[in-house]
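The values are calculated or read from the model by the stated rules, or taken from the named source; none is laboratory data. Quantities reported herein were computed from a predicted structural model and do not represent experimental measurements. Cβ placement follows ideal geometry from the backbone for every residue including glycine, while neighbour counts extend to all protein chains displayed.
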C-alpha cells in the first residue's frame, strides 16, 4: 500500500490535503502531525510492512518559540525521517531557489519540493515520482533552483555555510561565535562571497540568493 505521513502546523490545510488524497488517490493517510514533537510521539503507532511505500510530506516552518531560524524544525524533521529510511517531499511557501537547493542538497536530502501555491495534483505527481525512486522539483520552480545552484557552486563549503547564516539574518559576531572562528576571518570570507556573487552588501547578497 501507498502510505503517507503529513506534517504541517496549519490544521485546515493538513486536514484538507488528507481529505483530498483519501478521495482522489490510492494513497492512505498513515499519520497527521502538527509538529516535530507530535511526529516523534506518534511514530511508533505507524504500521508498515516491507511491501508498503511510506513517504512524508513536510512543511518547513512551524510555530515555535526561542528559534531565530524559521525553517529550522522542518530541516530537522526531514533528516530525522531519512535516518529511518523515510523519504520526504517538502511542501512549503519558502519556495525560492536557495530553499530548494538546501532541501535537495547533501545535508538535508529531501526527495521532492512542491510550493504551497500549487494544487494537490502537483503534490500527487511528486508523491508518485518519489515512490518510483526518483526526485521531483515542481517544474515552474526548477529554473530558480538551477540559477541558485550554479551561483552557490562557486562558493566553498565554509562560504556557503556563512552565506546561509547571512540569509538567516545572523550578524558577523554571531556567525563567528557559531562557527568558532575569529571575527576578521568571517569578514574575509564575506568579502570573498561578495566577489564570487557580484554583490557588495548583505542586502544585495540576500536579494541574489532569494
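Annotations
- Selection of region 1-18 for residues being in contact with a strand residue (DSSP E or B) (Cβ under 7 Å, 6 or more places away or on another chain) and assigned to a helix (DSSP H, G or I) yields 14, 17, 18.
- Within region 75-119, the residues that satisfy the criterion of being outside any loop (DSSP other than H, G, I, E, B) and at pLDDT below 90 are 97, 98, 99, 100, 101, 102, 103, 104.
- Enumerated helices (runs of 4 or more DSSP H) restricted to region 135-210, each holding at least 1 residues that are touching a helix residue (DSSP H, G or I) at 6+ places or on another chain (Cβ under 7 Å) and modelled with pLDDT of 85 or more: 157-167, 172-179, 183-197, 202-209
- Residue within region 19-36 that is assigned to a helix (DSSP H, G or I) and closer than 30 Å to residue 166 by Cβ present: yes
- Hey, residue 78 closer than 22 Å to residue 132 by Cα, in contact (Cβ under 8 Å) with a residue 40 or more places away in the chain, in contact with a helix residue (DSSP H, G or I) (Cβ under 9 Å, 6 or more places away or on another chain) and surrounded by 18 or more Cβ atoms within 10 Å (Cβ to Cβ) or not: no
- Among (1) assigned by TED's automatic domain parsing to the domain that holds residue 91; (2) buried (at least 16 other Cβ atoms within 10 Å of the Cβ) - the single one residue 133 does not satisfy: (2)
- Residue within region 98-107 that is closer than 18 Å to residue 31 by Cβ and touching a helix residue (DSSP H, G or I) at 6+ places or on another chain (Cβ under 7 Å) present: no
- Those residues of region 14-47 which are surrounded by 14 or more Cβ atoms within 10 Å (Cβ to Cβ) and touching a residue at least 60 places away in the same chain (Cβ under 8 Å), in sequence order: 17, 20, 21, 25, 27
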